[in-house]
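Below: one structure, written as structure tokens.
Taken together, the values in this text are just the output of simple stated rules run on the coordinates, not laboratory data. For clarity, every value in this text was computed on a predicted model and none was experimentally measured. Glycine gets a Cβ as well: all are built from the backbone with ideal geometry, and neighbour counts include every protein chain shown.
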Amino acid sequence: MSIKVEELMTRSVVSAKPHQSVEHVRHMLENNSISAVPVVDSNGHPLGIVSSTDLARELKPNTPVSHIMTEKVYTVPQYDDTSIAARIMRNHNIHRVVVTHEQAVVGMLSAFDLLKLVEDHRYVAKKAPTPSKRKGSRLK
């Protein structure tokens, strides 16, 4: 069963502009009960991402968010399979990916969103390989 990213993603994305202050973004996270926001240009294309971890450092409140954002943004198209997003998160040790459509931000997908697949029984783990009965087999 192939589940698409758009089926699980959060659609109402709160985003920041590069010139906005660290204090402003901190309030955005608190007021929306979220842990990260993509930083976007005027066309909605991702430039970076800022998480609550980035904001936990000692920073001047008026520092532009562009000075602290992580510029390497991992994105996934909304029509990709969730397995692609999961692989990106696992391979890069990140908790969320930015979802795009025609390079513009349309959603966010977190590791918690992927857990819904397990919780809703839409994902079934494969059984481990059966050990070989041949002599000299490496699986035992």
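Give me the extension gain from residue 52 to residue 14: residue separation times 0.36 nm, minus the current Cα-Cα distance, reported in nm with one decimal. Value of the extension gain: 12.3 nm. When the Cα positions of 62, 39, 74 are compared along the charge dipole of the chain, 74 comes out farthest toward the positive end, with charges on each C-beta of Lys, Arg, Asp and Glu. Rounded to whole Å, the principal axis extents of the Cα atoms in the chain read 69, 30, 24, largest first. Spin-label pair residue 91-residue 7: with each label point 7 Å from Cα along the Cα-Cβ axis, the two points sit 2.2 nm from one another.
Sparse packing (at most 10 other Cβ atoms within 10 Å of the Cβ) combined with a DSSP loop state is found for the following chymotrypsin sites (Phe, Trp or Tyr not before Pro) in segment 59-120: 79. Ordering of 97-107, 56-66 by packing is 97-107, 56-66, highest average first (other Cβ atoms within 10 Å, averaged per residue).
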